[in-house]
Amino acid sequence: MDGYLQTGIGIFVSIILFAIGYRQTFGARKERSKSANLSIHRAIIRRMVLENYDPIYKDIGRIIEGKAREFNASKNDLLSVEQVLNTLYTEVFDSDLISPGQRIEIEKRLLNCFEKIENKPSKLSFKELNQINKERTRLTISLVMMVIVTSLLGATAPILFKIVETKTVQIDWLISGVGIFIGSIAVLTSLIMYRKNKEIGTVSSTRTAQIKLSTFENEIASILNKHGFDFTFEPYLGNMRPDFLVEANGKTIAIEAKDWSGVISEPNLRSTSAYLRNLLNNKNVDQVILVTKNKVDLSSLEINSNNISIRTINELPLALNVAA
């Protein structure tokens with residue numbers, strides 16, 4: 001019975017210490033990000049209502065960076081420009097404190113900014129993606145170290161209490177300490193996974209989509225580098241910008257990356273099909289390859305050309321060699 005009690009006390013101590021440490025580090029980080037997002041929103045909405053400010057994409061980006069420094073928060077933890085504009089539009093639309101005429105005028109200004117955003121590629125650069133990945137790695141290492149340290153403290157606390165009480169050391173206590181250490185790690189890991197799954201719904205879907213797509217493009221770039229292909233990332237071809245332009249044996253191959261999974265909507269398929277055909281019509285492009293993460297049902301994607309093909313990322317090296 002004493003062994004079970006000692007184990008329970010040790011795990012409980014680990015949970016308490018972890019909760020305190022998490023609150024002072026990761027919890028404080030989230031609070032700073034939340035405060036920074038609120039400050040950004042208030043600053044822009046005041047200028048729009050009181051001074052007829054016309055929101056500009058680059059200006060909002062600068063405000064986000066400035067508020068990140070002011071609140072000692074990471075820019076990657078804050079809302080994106082698109083999300084800031086969506087939040088502003090929602091409040092203006094739903095507010096009863098703004099007169100109808102002013103509401104309509106503000107909405108028009110926001111819609112003008114939205115139109116400019118739609119013409120911009122909503123993807124992260126390799127530099128931004130690497131920065132996010134490094135930051136995530138640092139946070140993961142910090143979290144793992146916190147779990148280990150708090151579990152170790154929770155395991156040693158009851159043992160030290162026993163040593164002070166009896167002024168002796170028994171091997172059973174050390175074995176119990178190892179069990180407490182392993183049990184604490186298991187419990188804390190379960191709590192972290194539960195919290196992570198619970199927060200999935202609150203994660204920025206826009207930012208997540210950007211990270212997924214940029215990660216996918218990074219994988220494609222790594223494959224092209226590995227196989228020695230000369231390529232250009234997001235080149236300008238008139239009013240189009242394919243994800244990659246590859247030179248292979250005298251041919252120029254445009255690659256469009258789509259991190260698709262599951263069922264793809266018809267409008268998305270139609271727009272992608274039209275974009276691929278327009279790419280092929282460019283005088284600087286000989287062939288076009290649509291690269292997907294996994295095999296998906298694209299039977300309704302109307303290609304009607306032997307110079308346009310659909311491949312998974314694993315099939316890309318062979319497809320380029322064949323195309324060449």
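The values are calculated or read from the model by the stated rules, or taken from the named source; none is laboratory data. For clarity, every value in this text was computed on a predicted model and none was experimentally measured. Positions of Cβ are backbone-derived with ideal geometry, glycine not excepted, and every protein chain shown enters the neighbour counts. Please note that ligands, DNA and RNA were not included when accessible areas were found on the heavy atoms of the full protein model with its side chains. Shrake-Rupley method; radii C 1.70, N 1.55, O 1.52, S 1.80 Å.
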Test for F12: is it out of contact with any Lys or Arg (no Cβ under 9 Å at 6 or more places or on another chain), open to solvent by 40 Å² or more (accessible area, probe 1.4 Å) and either charged (D, E, K, R) or part of a helix (DSSP H, G or I) (or both)
yes
State yes or no: is K134 within 21 Å of L78 (Cβ to Cβ), at pLDDT 65 or above and either assigned to a helix (DSSP H, G or I) or open to solvent by less than 70 Å² (accessible area, probe 1.4 Å) (or both)?
yes
Scan of the range 227-239 for residues that are touching a residue at least 12 places away in the same chain (Cβ under 8 Å) and open to solvent by 20 Å² or more (accessible area, probe 1.4 Å), ordered by number:
H227, F229, D230, F231, T232, F233, E234, G238
Options I15, I20, I11: the member that is at pLDDT below 85 and under 30 Å from G177 (Cα atoms)
I11
Just to be sure, is F18 assigned to a helix (DSSP H, G or I) and surrounded by fewer than 18 Cβ atoms within 10 Å (Cβ to Cβ)?
no
Do we find a residue being touching a residue at least 12 places away in the same chain (Cβ under 8 Å), small (G, A, S), within 13 Å of I15 (Cα to Cα) and surrounded by 11 or more Cβ atoms within 10 Å (Cβ to Cβ) anywhere in the range 166-177?
no
Would you pick out the residues in the range 188-216 that are touching a helix residue (DSSP H, G or I) at 6+ places or on another chain (Cβ under 8 Å), open to solvent by less than 70 Å² (accessible area, probe 1.4 Å) and either at pLDDT 80 or above or assigned to a helix (DSSP H, G or I) (or both)?
L188, T189, I192, T206, R207, I211, S214, T215, F216
Among the residues of the range 81-116 satisfying the criterion of being at pLDDT below 80 and surrounded by 14 or more Cβ atoms within 10 Å (Cβ to Cβ), which is farthest from F216 (Cα to Cα)?
C113
